[in-house]
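Please read the structure below before turning to the comments.
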Amino acid sequence: MARIIGGIGSSHTPTIGFAVDQGKRDDPVWAPIFEAYQPVRDWLEAKRPDVLFFIYNDHVTSFFFDHYSAFTLGIGEAYEAADEGGGPRNLPPVRGHGALARHIGQSLMAEEFDMSFFQSKPLDHGCLSPLSVMWPYEGGWPGQIIPLAVGVLQFPIPSARRCYKFGKALRRAIESYPEDLTVAIVATGGLSHQVHGERAGFNNPEWDREFLDLMIDQPETLANMTHARYAELGGWEGAEVIMWLVMRGAMPDRINCLHKSYYLPSMTGIANLLLEPAETDPVTDVEAQRVLIGRQLEGAEVLTGTYPFTLDLSVQAYRVNQYLHNMVHPSHRQLFLNDPEASFQQAGLSETERTLIRNRDWAGLIHYGAIFFGLEKMAAVLGLPNAAVYAGMRGETMADFQKTRNAPGAIYSVSDIKVR
């Protein structure tokens, strides 16, 4: 089974990444940042965790307000550095641990945390700024990550208590994973700062130090605080430190603090915290958790011709589903109609995926992992009604399929088309 070997709390200000990229290690103003992170770096090098579960917030870079979620889990296989306006940082892609991420997602949903999931979205400074100072990346990162983006910019946001409960559920999810993996939980954000309005530049070093002490010994006190209280003490953007409670909730009640530091060079109090469990025994009833995870789909396997669209399928067939989804864009569907081979090449489809689409193999596409609502879009582009897809999946002619309907003459599509 997987196990949590430690917890790290870290600021994620872009100041950290700037210091790394500009080679400021020996500059007296910047050197305290590197000195503060050296114990964390040494611990990671000595422990060599297989996976870092990385809690951060995106800064309106890869996520925007057209769809903004409370807890969004990365389930993909790799993550690149985001372009935040001046070009992406020169960092290699970070490998994801998709299998563990998808297990965690299933477990959290089973405990009624309403999760969102993402793939192929780049990571901004909320993740990569602290990661680049604590994990050597020259020649490739030493392990894999699972990113969790927490929506803390657009209110309402998760409460501090909800973050703490999330951490406890996260521990059960990780400990119920069957593979023998070591995991470190990294939470980022803050500390005190405000970057908007007439209060911009606000800091409170006294609160920052108290926050670190409470995180170690009295997390319940922090879990009971409101967003307004966090903002009063640490600045409005500083209230993002509630994300640290996800990490603390995943740790046992009794912990050992190996390292604690604080430095305020400019706009944001830069802090880090390194914790290890004082209690090493797992707390999860592994079998009970696995039963809980599988409960909602138990019995679905006997439904002939039924294929739940799972996280595993979503990752496996991401490329072909993206191709089908892109039928909503006029330029893509025009290329598909005029030169399908060029559209396949542009999308990087595999030969298997190309053959399935060329042959209009509706059932084969479903078996491969395509979701029906992508097939529906392609059918509309081809001038085919939905019934043609239904019939194809059943191995029937459309006329025979229509005979099984209560309204045999009813034909429809998601597009205003002339039925061929």
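General remarks:
- Selection from region 7-37 of residues that are over 23 Å from the mean Cα position of the chain (by Cα), in contact (Cβ under 8 Å) with a residue 12 or more places away in the chain and assigned to a loop (DSSP other than H, G, I, E, B): VAL29, TRP30
- Filter result (over 19 Å from MET109 (Cα atoms) and not acidic (Asp, Glu)) within region 68-83: ALA78, TYR79, ALA81, ALA82
- Members of region 266-282 found to be part of a loop (DSSP other than H, G, I, E, B) and either touching an Asp or Glu at 6+ places or on another chain (Cβ under 7 Å) or without any contact (Cβ under 8 Å) to a residue 24 or more places away in the chain (or both), listed by number: GLY269, THR280, ASP281, PRO282
- Among residues that are within 18 Å of ARG171 (Cβ to Cβ) and either open to solvent by less than 20 Å² (accessible area, probe 1.4 Å) or modelled with pLDDT of 95 or more (or both), ARG209 is not included.
- Condition met for GLU84 (open to solvent by 50 Å² or more (accessible area, probe 1.4 Å) and in contact with a helix residue (DSSP H, G or I) (Cβ under 7 Å, 6 or more places away or on another chain)): yes
- Residue within region 301-320 that is more than 24 Å from the chain's Cα centre (by Cα), more than 22 Å from PHE118 (Cβ to Cβ) and in a helix (DSSP H, G or I) present: yes
- Residue count for region 222-248 under the criterion of being crowded, with 23+ Cβ neighbours inside 10 Å and touching a helix residue (DSSP H, G or I) at 6+ places or on another chain (Cβ under 8 Å): the result is 11.
Every residue, every condition in (1) of a type in the set (Ser, Thr, Tyr); (2) at pLDDT 95 or above; (3) within 28 Å of MET1 (Cβ to Cβ), yes or no:
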site	(1), (2), (3)
PRO93	no, yes, no
HIS97	no, yes, yes
ALA101	no, yes, yes
ALA110	no, yes, yes
ASP114	no, yes, yes
PRO147	no, yes, yes
GLY151	no, yes, no
PHE155	no, yes, no
TYR164	yes, yes, yes
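- Filtered residues of region 342-357 (kept if of a type in the set (D, E, K, R) and surrounded by 11 or more Cβ atoms within 10 Å (Cβ to Cβ)): GLU353, ARG354
- The residue list TYR318, TYR307, TYR368, TYR323 contains one member that is surrounded by 19 or more Cβ atoms within 10 Å (Cβ to Cβ) and of a type outside the set (D, E, K, R), which is TYR323.
- Within region 399-414, residues that are in contact (Cβ under 8 Å) with a residue 12 or more places away in the chain sit with their Cβ atoms under 9 Å from residues that are of a type outside the set (D, E, K, R) and surrounded by fewer than 10 Cβ atoms within 10 Å (Cβ to Cβ), at 6+ positions apart or across chains, in these pairs: GLN402/GLY409.
- Output for region 162-200, where each listed residue is within 23 Å of SER266 (Cβ to Cβ) and open to solvent by 10 Å² or more (accessible area, probe 1.4 Å): HIS193, GLN194, VAL195, HIS196, GLY197, GLU198, ARG199, ALA200
Here is a yes/no grid of residues against (1) at negative phi; (2) assigned to a helix (DSSP H, G or I); (3) open to solvent by 10 Å² or more (accessible area, probe 1.4 Å); (4) in contact with a Phe, Trp or Tyr (Cβ under 9 Å, 6 or more places away or on another chain):
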position: ARG95; (1), (2), (3), (4): yes, no, yes, yes
position: ILE104; (1), (2), (3), (4): yes, yes, no, yes
position: GLU138; (1), (2), (3), (4): yes, no, yes, no
position: ILE146; (1), (2), (3), (4): yes, no, no, yes
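- From the options PRO142, PRO130, residue that is in contact with a His (Cβ under 9 Å, 6 or more places away or on another chain) and either open to solvent by 10 Å² or more (accessible area, probe 1.4 Å) or not polar (S, T, N, Q) (or both): PRO130
- In region 283-300, the qualifying residues are those that are open to solvent by 40 Å² or more (accessible area, probe 1.4 Å) and outside any helix (DSSP H, G or I), and the one that is modelled with the lowest pLDDT is VAL283.
- Output for region 19-49, where each listed residue is open to solvent by less than 60 Å² (accessible area, probe 1.4 Å), of a type outside the set (Phe, Trp, Tyr) and within 13 Å of MET134 (Cβ to Cβ): ALA19, VAL20, ILE33, ALA36, PRO39, VAL40, ARG41, LEU44, PRO49
The values are calculated or read from the model by the stated rules, or taken from the named source; none is laboratory data. Model, not experiment: these values are computed from the prediction. Methodologically, a virtual Cβ is constructed for each residue, glycine included, from the backbone with ideal geometry; neighbour enumeration extends over all protein chains shown. Each accessible area value is taken on the protein alone, full model and side chains, heavy atoms only, with ligands, DNA and RNA left out. Shrake-Rupley method; radii C 1.70, N 1.55, O 1.52, S 1.80 Å.
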